[in-house]
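J.: Once you've had a glance at the structure underneath, I'll fire off some questions.
The values are calculated or read from the model by the stated rules, or taken from the named source; none is laboratory data. On a predicted model such as this, the values are computed, not experimentally measured, just so you know. Because the Cβ atoms are built from the backbone with ideal geometry, glycine has one as well, and the counts that use them run over all protein chains shown.
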Amino acid sequence: MKKALLFVLCFVMALGAFAAVQAQDVVEINVPTMRIGINSSAEWFAERSAAFNAEYGDRIKVNIEEIAGDQNLVDKIKVLYSANSLPSAFDLGGYNVIDMMKDQLVDLTPYIDEETRANASDICWEVNTRDGKILGMPFTRQVIGYFYNKEHFAAAGIEKPAETWEEFFEDCEKLKAAGFTPLSMDTADSGWVTSLMLGAMIGGTDEGEVWMNTALPTDYNTEAFIDAATKIQYMFQNYTTPDAIGGAYEHAAANFFIEETSMIANGPWMVSDFYDTTMVDEDFADKIGVAMYPGAVMYNSGKIGWQVGAKDPKELEAAITYVKFMTSVESQLKMLEMTGDTPAADVASDNVYPLVNETTALTENAKHSINDFQSLWYANVVDEISVQYPLLAQGTITPEEFAQALTDTAQKN
Amino acid sequence: MLSKKSKLWVTVTMIFLILMALISIGPLFWVVMSSFKTTKETMRDAFALPNSWNFDGYRVALDISPIFKFYGNSLVIALSSTLLNLVVVSMAAYALARFRFKGNEQLTLLFSSSLLIPVSALLMPIYRIWMTLKLFDTRLGLILVYAALGLPESLFLFKAYFQSIPKELEEAAYLDGAGVFRTFLTIICPLAKSGLATGAILQFLKSWNEFIFALVLTKSTEVRTLPLALNYFTSQFTFNYAAMFAGITMAVLPSILIYVLLQEQVTSSMIAGSLKG
């Protein structure tokens, strides 16, 4: 009897020890995300999270922290950085905090083998590299042209999208004469739509292209920048809706969706909205075309990817596994098919809306490929734009003063 | 019979009151009406009435955000922080208002000076302390922060109110054998009911609406509060007006209902507070 009891006791203890070892093997990582709620990639994130759990769930537990709102996530990451407590892994949808946080981000270079490197084009790795260290793992590319309403263009007698900025302004006049508001613009949240136009104007020359691919510029007092700001001021005062001043992306997009405006600068992730009948009329997508900016300019660059802040070696290993999974070619293709966002790898899918592939195809004929301001400029300059655009639009400041204000802000870094 | 002058005065007063009512109710009416419209309808004409009573916005809002869980958390956290603030600060204010001791003025100044510290400067230190004390991602953590954030306003309000109560009442209580605590509890608090209610309302509203600490000091949906839920309906490149307005309606209607039910008490305490403060 005693022997039997001893045997049972030993068995239970062994079982307990085994369970304890098993439990210890599960490494937890913290991943904050804004890909929730109505975020266009919420569905992608949920699907990829489920797939990761199915494959690695017995070894890695991912604690997802839901942070609704892109800017809220950025703000929280900034606080965590100040407290030296960056999460295990995070991505900010392309928002650049690498330069601010490079001292706490994990150098991913030792973890990038040939196979992983092939998951993104060189330009994507370059955007995520600082001083020879890879600080972000790319998974999407920034490909942006502008969308236009073909019906409006036809009614205004415009046969094809403008090839020069002179033609572009002439087309705006024609659209205005035909009773349309030519452009969707905005000033809030860094004036995304407006700033894309601004960048495209600057990037129309070889010199401008170099400037629009330069990280962290500190001097905005260039001839090309002031000239572009002058054109933007004119656009604000003549070719856009009154709600552009103070309005955010959603106001600019809404004006395009209800066909109040004829053109909007934005990326292919917007295309799925063209088919969403809770937002637009049923045949809306058929009326929309996509074009490169005058001067054959396209936004075609890498995008800041997943960053790792894990400190503990086991947590770090788990975070790297997670990030590699989220940036794999399979994840990129899912992203393309579910959201229209362009993959970092040179892959394509037929299972997407035609306008998405048309946008990507435009990059092949572009003379100038530029990067966007949110990826390149200092975070405080990106914030300052929202303060300065309304003043520029109302004529309270001149384009020269606008450039100086951004220069002053950049030089505070 | 009213004179012509009186009739004119009544008419002007009525017009003014109707105008004020419209300004107050208008935005709320607009939000509620917009919650029944589709996003397309809102984009086309923001001020038009809905074409039909569409509940899709509510369905989507409930699908994508844990709004009721956040609502419950808000209620628990706001009520608890209000109670804590009320109990602790009223006693401190009473001591500072009634007793002369060395450092009284300096202490008052110290408590009030926290008004001058910007919230952004408090975020990081509080985050680190809360992590050390294991208060991060807990309701208690938020309750303590909110109670402390309301300290200067409540202290100022309560102290002024206590000072306006005649000292003779307390002296009579002491003569009858009551101690300091009993006097405070049975004589002062009932007399200062209006002032305490004013402070409680302000504290509750502050806790109810607070956003940035709720964002930084929590990470799980189990403890998060209502202001965070409203961000589920907009992001940089997507928006759903129907869900957003439905979410706002669900968030604000219960508070308005409570206000309407307790209107008399709230208004009288606000007026009393303003007169005596």
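Yes or no, residue by residue, for (1) in the same structural domain as A:Val31 (by TED's automatic domain parsing); (2) not in a helix (DSSP H, G or I):
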{"residue": "A:Gly295", "(1), (2)": "no, yes"}
{"residue": "A:Glu317", "(1), (2)": "yes, no"}
{"residue": "A:Lys324", "(1), (2)": "yes, no"}
{"residue": "A:Met335", "(1), (2)": "yes, no"}
{"residue": "A:Ser349", "(1), (2)": "no, yes"}
{"residue": "A:Glu358", "(1), (2)": "no, no"}
{"residue": "A:Ala361", "(1), (2)": "no, no"}
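J.: Helices (runs of 4 or more DSSP H) wholly in the stretch B:82-176 with at least 1 residues that are within 14 Å of chain A (Cβ to nearest Cβ) and hydroxyl-bearing (Ser, Thr, Tyr) - which ones?
T.: B:119-132
J.: What residue, among those in the stretch A:188-208 that are touching a strand residue (DSSP E or B) at 6+ places or on another chain (Cβ under 6 Å) and of a type outside the set (Gly, Ala, Ser), is farthest from A:Tyr293 (Cα to Cα)?
T.: Restricting to residues being touching a strand residue (DSSP E or B) at 6+ places or on another chain (Cβ under 6 Å) and of a type outside the set (Gly, Ala, Ser), the top hit is A:Val193.
J.: Out of the residues in the stretch B:32-54 that are closer than 21 Å to A:Phe257 by Cβ and outside any loop (DSSP other than H, G, I, E, B), state the one that is farthest from the other protein chains (Cβ to nearest Cβ).
T.: Selected residue: B:Met33.
J.: Which residues, taken from the stretch B:231-268, are assigned to a helix (DSSP H, G or I) and facing chain A (nearest Cβ under 8 Å)?
T.: Of everything in the stretch B:231-268, those that are assigned to a helix (DSSP H, G or I) and facing chain A (nearest Cβ under 8 Å) turn out to be B:Asn231, B:Tyr232, B:Phe233, B:Ala242, B:Ala243.
J.: Need the failing condition index for B:Val180 against (1) in contact (Cβ under 8 Å) with a residue 24 or more places away in the chain; (2) farther than 30 Å from B:Glu222 by Cβ, just the number.
T.: (1)
J.: So, one more: Quick check on the stretch B:170-177. Is at least one of its residues crowded, with 17+ Cβ neighbours inside 10 Å and not hydroxyl-bearing (Ser, Thr, Tyr)?
T.: The answer is yes; a qualifying residue exists.
J.: Is it the case that A:Lys76 is within 13 Å of another protein chain (Cβ to nearest Cβ) and charged (D, E, K, R)?
T.: Yes: the conditions hold for A:Lys76.
J.: What's the number of the only condition in (1) in a helix (DSSP H, G or I); (2) crowded, with 16+ Cβ neighbours inside 10 Å; (3) within 14 Å of another protein chain (Cβ to nearest Cβ) that B:Asp63 fails to meet?
T.: It is condition (2) that B:Asp63 fails.
J.: Filter the stretch A:170-213 down to the residues that are charged (D, E, K, R) and more than 18 Å from A:Glu384 (Cβ to Cβ) and list them by number.
T.: Listed by number, the residues that qualify are A:Glu170, A:Asp171, A:Glu173, A:Lys174, A:Lys176, A:Asp206, A:Glu207, A:Glu209.
J.: Of the residues A:Ala51, A:Ala46, A:Ala68, which single one is touching a Ser or Thr at 6+ places or on another chain (Cβ under 9 Å) and more than 9 Å from every other protein chain (Cβ to nearest Cβ)?
T.: A:Ala51
J.: Quick one: in the stretch A:102-117, of everything that is modelled with pLDDT of 95 or more and closer than 23 Å to A:Trp377 by Cβ, which residue is farthest from the other protein chains (Cβ to nearest Cβ)?
T.: Out of the qualifying residues, it is A:Leu105.
J.: Would the stretch A:151-159 turn up any residue that is of a type in the set (Asp, Glu) and part of a helix (DSSP H, G or I)?
T.: Checking the stretch A:151-159: at least one residue is of a type in the set (Asp, Glu) and part of a helix (DSSP H, G or I).
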